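Below: one structure, written as C-alpha coordinates.
The values are calculated or read from the model by the stated rules, or taken from the named source; none is laboratory data. Not measured: the values here are computed from a predicted model. In this analysis, Cβ positions are derived from the backbone assuming ideal geometry, glycine residues included, and neighbour counts consider all displayed protein chains. Only protein heavy atoms, including side chains, enter the accessible area calculation; ligands, DNA and RNA are left aside. Shrake-Rupley method; radii C 1.70, N 1.55, O 1.52, S 1.80 Å.
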Amino acid sequence: MAEKLVCPICGEPTRVYMGNARKDRLCGKHADMLKAGDLILSADGKYTVKGEPKPEPKAEPVAATSDLTCIICGEPSNGKHFCVSCYHEYKNRSVDIRLKNLKFEMILDDYGNLKYKCEDGRYVRSLQEQSIANTLWSLDIKYVYEEKVYYYTEEENAKSISPDFFLPKYNLYIEHIGFTSKKHDSITQYKQKIYDEQGKKVIFTSPENLQDFKDFIKRTLKLN
(Lines give C-alpha, C1' and ligand atoms only; values in the text may rest on other atoms or scores of the structure.)
Protein backbone atom coordinates (compact mmCIF):
# COMPACT_ATOMS: atom_id res chain seq x y z
CA MET A 1 0.00 0.00 0.00
CA ALA A 2 1.36 3.44 -0.93
CA GLU A 3 2.33 5.65 1.97
CA LYS A 4 -0.22 8.40 2.66
CA LEU A 5 1.38 11.79 2.23
CA VAL A 6 0.37 14.30 4.88
CA CYS A 7 1.72 17.63 6.05
CA PRO A 8 4.29 17.18 8.87
CA ILE A 9 2.85 20.26 10.61
CA CYS A 10 -0.93 19.81 10.58
CA GLY A 11 -1.56 16.34 9.13
CA GLU A 12 -3.57 17.64 6.16
CA PRO A 13 -2.98 16.05 2.72
CA THR A 14 0.23 17.07 0.97
CA ARG A 15 -0.15 19.55 -1.90
CA VAL A 16 -0.04 17.83 -5.30
CA TYR A 17 0.69 19.75 -8.49
CA MET A 18 0.31 18.13 -11.92
CA GLY A 19 0.44 14.71 -10.32
CA ASN A 20 3.59 15.40 -8.28
CA ALA A 21 3.48 15.69 -4.49
CA ARG A 22 5.72 18.20 -2.72
CA LYS A 23 8.96 16.66 -1.50
CA ASP A 24 8.63 18.39 1.88
CA ARG A 25 5.03 17.03 2.16
CA LEU A 26 3.59 20.41 3.13
CA CYS A 27 -0.13 21.01 2.63
CA GLY A 28 -1.36 23.91 0.50
CA LYS A 29 -1.66 26.32 3.43
CA HIS A 30 1.82 25.71 4.82
CA ALA A 31 3.40 25.55 1.35
CA ASP A 32 2.08 29.07 0.71
CA MET A 33 3.40 30.22 4.09
CA LEU A 34 6.85 28.80 3.27
CA LYS A 35 6.88 30.59 -0.08
CA ALA A 36 5.85 33.87 1.58
CA GLY A 37 8.59 33.54 4.18
CA ASP A 38 6.12 33.17 7.05
CA LEU A 39 7.25 29.59 7.70
CA ILE A 40 10.88 28.97 8.61
CA LEU A 41 12.75 25.68 8.25
CA SER A 42 15.48 25.36 10.88
CA ALA A 43 18.77 23.51 10.47
CA ASP A 44 17.38 20.51 12.38
CA GLY A 45 14.46 20.18 9.93
CA LYS A 46 11.77 21.71 12.16
CA TYR A 47 9.25 24.29 10.94
CA THR A 48 8.35 27.39 12.91
CA VAL A 49 6.01 30.27 12.12
CA LYS A 50 7.87 33.55 11.62
CA GLY A 51 7.61 35.70 14.73
CA GLU A 52 6.17 32.90 16.85
CA PRO A 53 7.77 32.80 20.31
CA LYS A 54 9.51 29.61 21.35
CA PRO A 55 7.67 27.43 23.90
CA GLU A 56 8.28 27.88 27.58
CA PRO A 57 11.04 25.64 28.96
CA LYS A 58 9.80 22.40 30.50
CA ALA A 59 9.21 22.46 34.22
CA GLU A 60 10.78 19.06 34.96
CA PRO A 61 13.65 19.30 37.45
CA VAL A 62 17.11 18.99 35.95
CA ALA A 63 20.48 18.36 37.45
CA ALA A 64 22.25 21.72 37.28
CA THR A 65 24.43 23.92 39.41
CA SER A 66 21.95 26.82 38.97
CA ASP A 67 18.38 27.47 37.90
CA LEU A 68 19.64 29.78 35.13
CA THR A 69 18.38 28.91 31.66
CA CYS A 70 19.70 29.86 28.23
CA ILE A 71 18.65 33.44 27.38
CA ILE A 72 18.07 32.41 23.75
CA CYS A 73 16.22 29.10 23.82
CA GLY A 74 15.20 28.80 27.50
CA GLU A 75 16.74 25.36 27.96
CA PRO A 76 18.76 24.50 31.12
CA SER A 77 22.25 26.00 30.84
CA ASN A 78 24.01 24.64 33.94
CA GLY A 79 24.51 28.06 35.47
CA LYS A 80 25.60 29.75 32.22
CA HIS A 81 23.87 32.42 30.16
CA PHE A 82 23.77 30.07 27.15
CA CYS A 83 23.19 26.36 26.73
CA VAL A 84 25.88 24.33 24.95
CA SER A 85 23.92 24.23 21.69
CA CYS A 86 23.32 28.00 21.45
CA TYR A 87 26.86 28.76 22.57
CA HIS A 88 28.39 26.81 19.70
CA GLU A 89 25.86 28.20 17.20
CA TYR A 90 26.37 31.87 18.05
CA LYS A 91 29.84 32.13 19.65
CA ASN A 92 31.39 33.72 16.56
CA ARG A 93 28.39 35.89 15.63
CA SER A 94 26.21 38.67 16.92
CA VAL A 95 22.59 37.88 17.70
CA ASP A 96 19.80 40.38 18.37
CA ILE A 97 16.87 39.03 20.38
CA ARG A 98 13.62 40.55 21.59
CA LEU A 99 12.61 40.22 25.25
CA LYS A 100 9.04 40.61 26.48
CA ASN A 101 8.40 40.73 30.21
CA LEU A 102 12.05 39.73 30.59
CA LYS A 103 11.41 36.51 28.67
CA PHE A 104 12.73 35.50 25.27
CA GLU A 105 10.23 36.30 22.49
CA MET A 106 12.05 35.97 19.16
CA ILE A 107 15.36 36.24 17.35
CA LEU A 108 15.45 39.48 15.39
CA ASP A 109 18.75 38.74 13.70
CA ASP A 110 20.99 35.70 14.01
CA TYR A 111 23.71 36.79 11.61
CA GLY A 112 24.92 39.94 13.30
CA ASN A 113 26.36 43.33 12.37
CA LEU A 114 23.08 45.20 11.81
CA LYS A 115 24.67 48.50 12.81
CA TYR A 116 23.99 51.07 10.07
CA LYS A 117 20.80 53.03 10.65
CA CYS A 118 18.84 54.14 7.56
CA GLU A 119 16.65 57.20 7.15
CA ASP A 120 13.51 55.08 7.64
CA GLY A 121 14.82 53.79 10.99
CA ARG A 122 15.85 50.32 9.83
CA TYR A 123 19.32 48.87 10.34
CA VAL A 124 21.44 47.18 7.64
CA ARG A 125 24.86 45.57 7.52
CA SER A 126 26.94 47.93 5.37
CA LEU A 127 27.27 51.56 4.32
CA GLN A 128 26.56 50.55 0.71
CA GLU A 129 23.30 48.87 1.72
CA GLN A 130 22.49 51.96 3.76
CA SER A 131 22.93 54.09 0.63
CA ILE A 132 20.59 51.81 -1.37
CA ALA A 133 17.96 51.79 1.39
CA ASN A 134 18.05 55.58 1.73
CA THR A 135 17.64 56.02 -2.03
CA LEU A 136 14.67 53.65 -2.14
CA TRP A 137 13.16 55.52 0.80
CA SER A 138 13.63 58.88 -0.93
CA LEU A 139 11.80 57.54 -4.01
CA ASP A 140 8.98 56.14 -1.86
CA ILE A 141 9.77 52.61 -3.05
CA LYS A 142 8.70 50.02 -0.47
CA TYR A 143 11.31 47.36 0.21
CA VAL A 144 11.80 44.33 2.43
CA TYR A 145 15.28 43.75 3.82
CA GLU A 146 16.72 40.23 3.57
CA GLU A 147 13.46 38.39 2.85
CA LYS A 148 14.39 34.73 2.52
CA VAL A 149 14.09 32.78 -0.75
CA TYR A 150 13.74 29.03 -0.23
CA TYR A 151 15.01 26.38 -2.64
CA TYR A 152 16.08 22.74 -2.86
CA THR A 153 19.63 21.55 -3.51
CA GLU A 154 20.43 18.72 -5.91
CA GLU A 155 20.44 16.46 -2.83
CA GLU A 156 16.84 17.61 -2.17
CA ASN A 157 17.80 19.50 0.99
CA ALA A 158 15.74 22.61 1.78
CA LYS A 159 17.89 25.75 2.04
CA SER A 160 17.48 29.50 1.75
CA ILE A 161 19.29 32.65 0.69
CA SER A 162 18.66 36.17 1.99
CA PRO A 163 18.56 38.76 -0.81
CA ASP A 164 19.61 42.24 0.30
CA PHE A 165 16.35 43.87 -0.83
CA PHE A 166 12.99 42.85 -2.26
CA LEU A 167 10.71 45.37 -3.97
CA PRO A 168 7.16 43.92 -3.63
CA LYS A 169 5.53 46.36 -6.10
CA TYR A 170 7.98 45.35 -8.83
CA ASN A 171 8.42 41.73 -7.72
CA LEU A 172 12.16 42.34 -7.96
CA TYR A 173 15.09 41.29 -5.78
CA ILE A 174 18.29 43.30 -5.41
CA GLU A 175 21.57 41.59 -4.56
CA HIS A 176 24.39 44.02 -3.91
CA ILE A 177 27.92 42.75 -4.60
CA GLY A 178 30.26 44.98 -2.63
CA PHE A 179 33.49 43.34 -3.81
CA THR A 180 34.82 41.98 -7.07
CA SER A 181 36.70 38.67 -7.01
CA LYS A 182 36.53 35.20 -8.51
CA LYS A 183 34.86 33.98 -5.31
CA HIS A 184 32.15 36.63 -5.48
CA ASP A 185 31.64 35.99 -9.20
CA SER A 186 31.08 32.32 -8.39
CA ILE A 187 28.59 33.22 -5.64
CA THR A 188 26.75 35.54 -8.02
CA GLN A 189 26.44 32.81 -10.65
CA TYR A 190 25.20 30.35 -8.02
CA LYS A 191 22.56 32.78 -6.79
CA GLN A 192 21.49 33.69 -10.32
CA LYS A 193 20.83 30.00 -10.98
CA ILE A 194 18.63 29.80 -7.86
CA TYR A 195 16.59 32.84 -8.91
CA ASP A 196 16.20 31.47 -12.45
CA GLU A 197 15.01 28.09 -11.13
CA GLN A 198 12.52 29.84 -8.83
CA GLY A 199 11.27 32.07 -11.66
CA LYS A 200 12.22 35.22 -9.74
CA LYS A 201 13.59 38.50 -11.10
CA VAL A 202 16.84 39.80 -9.66
CA ILE A 203 19.41 42.48 -10.40
CA PHE A 204 22.96 42.41 -9.09
CA THR A 205 24.37 45.81 -8.25
CA SER A 206 27.99 46.87 -7.79
CA PRO A 207 29.75 49.84 -6.14
CA GLU A 208 29.80 51.54 -9.56
CA ASN A 209 25.98 51.56 -9.59
CA LEU A 210 25.99 53.45 -6.30
CA GLN A 211 27.73 56.45 -7.82
CA ASP A 212 24.25 57.52 -8.96
CA PHE A 213 21.96 54.81 -7.65
CA LYS A 214 18.88 57.00 -7.92
CA ASP A 215 19.34 57.32 -11.68
CA PHE A 216 20.21 53.63 -11.97
CA ILE A 217 17.14 52.35 -10.13
CA LYS A 218 14.82 54.79 -11.89
CA ARG A 219 16.05 53.53 -15.25
CA THR A 220 15.79 49.92 -14.11
CA LEU A 221 12.22 50.36 -12.87
CA LYS A 222 11.32 52.71 -15.74
CA LEU A 223 10.32 55.53 -13.44
CA ASN A 224 9.93 59.13 -14.56
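Would you mind classifying region 155-224 by shape? Square roots of the alpha carbon gyration tensor eigenvalues, ordered a ≥ b ≥ c; an a/c under 1.5 is rounded, otherwise it is prolate if a/b is larger than b/c and oblate if not.
Numbers: a/c = 2.75, a/b = 1.37, b/c = 2.01.
In terms of gyration-tensor shape, oblate.
How big is the accessible area of E197 in square angstrom, nearest 10, if you roll a 1.4 angstrom probe over the protein chains?
Accessible area of E197: about 120 Å².
Show me, for region 176-190, the HN-Hα J-couplings you get by feeding each phi into the Karplus relation (A = 6.51, B = -1.76, C = 1.60, θ = phi - 60°), rounded to Hz, glycine and proline as x.
3J(HN,Hα) across region 176-190, in whole Hz: 9, 9, x, 9, 10, 6, 4, 5, 5, 4, 5, 5, 4, 5, 5.
Summing +1 for each Lys or Arg and -1 for each Asp or Glu, what net charge is found among the other residues whose Cβ lies under 9 Å from the Cβ of S162?
-2
For a distance above 15 Å, tell me the whole-number percent of Cα pairs in region 1-42 that qualify.
Details: 329 of 861 pairs.
When every Cα pair of region 1-42 is considered, 38 percent fall beyond 15 Å.
Which order do you get for Y173, Y116 if you rank them by accessible area with a 1.4 Å probe, largest at the top?
Values: Y173 15, Y116 60 Å².
Ranking Y173, Y116 by accessible area, largest first, yields Y116, Y173.
How do K201, K4, K23 rank by accessible surface area computed with a 1.4 Å probe, from largest to smallest? Intermediate values should be presented prior to the final figure.
Details: K201 110, K4 160, K23 135 Å².
So, going from the largest accessible area down, we get K4, K23, K201.
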